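The values are calculated or read from the model by the stated rules, or taken from the named source; none is laboratory data. None of the values given here were measured: they were computed from a predicted structure. Note that we place each Cβ from the backbone using ideal geometry, even for glycine, and neighbour counts take in every protein chain shown.
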């Protein structure tokens, strides 16, 4: 016999989802409200931009060197080649993030397929 669903657990998840939405929405609203007062050429904005790029670089380095999940089953050389291909396209096409991501993904997909077919060791 099946047990009835736990309504408290279900409603708790909806409450948690709503609170997460509100928390995100509040910070976005604050960002919109103060965005007109921020000078994009100012030193503070440039400093924050550098921090954002440093955090992104750290995340990419961590994914490359210490991945988790299914990415951990891929050789580090494949991850490095995909990242290098994406970086080259990013620079060549004038900082086109979409093209760089598409190329990096494609290189990773091709290398993974080639390994699974036995074309690479």
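Taking the criterion of being part of a helix (DSSP H, G or I), in contact (Cβ under 8 Å) with a residue 24 or more places away in the chain and surrounded by 12 or more Cβ atoms within 10 Å (Cβ to Cβ), would at least one residue in region 60-68 satisfy it? Looking through region 60-68, none of the residues is part of a helix (DSSP H, G or I), in contact (Cβ under 8 Å) with a residue 24 or more places away in the chain and surrounded by 12 or more Cβ atoms within 10 Å (Cβ to Cβ). Here residue 56 meets each of (1) within 15 Å of the chain's Cα centre (by Cα); (2) within 26 Å of residue 121 (Cβ to Cβ) with one exception, condition (2).
Taking region 28-51, which residues are part of a helix (DSSP H, G or I), surrounded by 10 or more Cβ atoms within 10 Å (Cβ to Cβ) and at pLDDT below 90? Once the filter is applied, which keeps residues that are part of a helix (DSSP H, G or I), surrounded by 10 or more Cβ atoms within 10 Å (Cβ to Cβ) and at pLDDT below 90, region 28-51 yields 31, 45, 48, 49.
For residues in region 72-90 being touching a residue at least 24 places away in the same chain (Cβ under 8 Å) and assigned to a helix (DSSP H, G or I), which is nearest to residue 120 (Cα to Cα)?
Keep residues of region 72-90 that are touching a residue at least 24 places away in the same chain (Cβ under 8 Å), which gives 74-75, 78-79, 81-82.
After this cut, where a residue has to be assigned to a helix (DSSP H, G or I) as well, the list is 78-79, 81-82.
Working: 78: 11, 79: 14, 81: 14, 82: 15 Å.
Per the criteria, the residue is 78.
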